[in-house]
Amino acid sequence: FGMRLLGKVEGQSLLDMGCGMGEESVYFALLGARVTAIDISPVGIMIAQKRAAFNGVAERVHAAQMRADKTEFADASFDVVHGFGILHHIGMPGGLQEVKRLLKPGGRALFFEHMGNSALIERIRKRSDYTDYETPLRWKDIMSFCQEFSRYEVRAFHVLTRLRSFGLKLNVNILRRCDHGLLTLCPPLKHFASGVVIYLEK
């Protein structure tokens with residue numbers, strides 16, 4: 001869904017925000033994007049550089065250690081901004097404000113994020129390994145901050161697939177197909193989802 005909305009990235013400048021070890025950075029470089037990959041971890045940046053070289057795209061991936069909530073780039077530097085699990089670490093307001101600043105007019109952004117919209121499920125799961133700055137996203141915040149962009153689309157995922165976190169050995173592909181069907185037939189179930197795709201246009 002997210003990649004269909006994002007469209008082609010060949011020849012475009014792309015910021016991979018919170019790149020981790022560079023998996024997505026290399027993926028976009030293989031698609032032809034000029035990738036700038038940033039992460040606060042020097043180890044992650046080192047691995048991202050090695051991964052890019054191993055895959056033959058070192059010339060299209062520039063990796064640098066940098067904060068994502070306040071980057072060092074000039075306004076309107078990128079055609080595309082991508083992030084996998086970064087907004088719930090740096091915060092929606094500041095994170096999306098920075099994304100909007102960095103995008104060129106008509107630029108696009110795509111994020112895959114963790115949600116903790118249901119307090120009941122969070123208590124059942126007894127999640128206690130959140131970092132000091134980690135705050136799972138909630139629907140009301142997502143919809144509020146996304147309205148700062150000219151266009152946005154938001155879609156939940158991971159409802160039944162959450163059962164695996166309780167130690168149940170279930171077929172992931174079957175659960176994903178069931179999730180898609182359930183969320184299509186009954187959109188309010190998004191309240192219990194653990195993941196969200198956020199697509200934005202400046």
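The values are calculated or read from the model by the stated rules, or taken from the named source; none is laboratory data. Quantities reported herein were computed from a predicted structural model and do not represent experimental measurements. Methodologically, a virtual Cβ is constructed for each residue, glycine included, from the backbone with ideal geometry; neighbour enumeration extends over all protein chains shown. The area values use the complete protein model at the heavy-atom level, side chains included, leaving out ligands, DNA and RNA. Shrake-Rupley method; radii C 1.70, N 1.55, O 1.52, S 1.80 Å.
Say whether the condition of being open to solvent by 60 Å² or more (accessible area, probe 1.4 Å), modelled with pLDDT under 90 and not small (Gly, Ala, Ser) is met by at least one residue in segment 99-122.
There is at least one residue in segment 99-122 that is open to solvent by 60 Å² or more (accessible area, probe 1.4 Å), modelled with pLDDT under 90 and not small (Gly, Ala, Ser).
Inspect all residues belonging to segment 88-96 and state whether any of them is of a type outside the set (A, V, I, L, M), modelled with pLDDT under 95 and closer than 15 Å to GLY20 by Cβ.
Yes, segment 88-96 contains at least one residue that is of a type outside the set (A, V, I, L, M), modelled with pLDDT under 95 and closer than 15 Å to GLY20 by Cβ.
List pairs: first residue in segment 1-14 and β-branched (Val, Ile, Thr), second residue open to solvent by less than 60 Å² (accessible area, probe 1.4 Å) and modelled with pLDDT of 90 or more anywhere in the structure, Cβ distance under 6 angstrom, at least six positions apart or on different chains.
Close Cβ pairs satisfying both conditions: VAL9/PHE28; VAL9/ALA33; VAL9/VAL80.
Restricting attention to strands (runs of 3 or more DSSP E) lying wholly within segment 7-82, give those where 2 or more residues are open to solvent by 10 Å² or more (accessible area, probe 1.4 Å) and touching a Leu at 6+ places or on another chain (Cβ under 8 Å).
Here the list reads 34-39.
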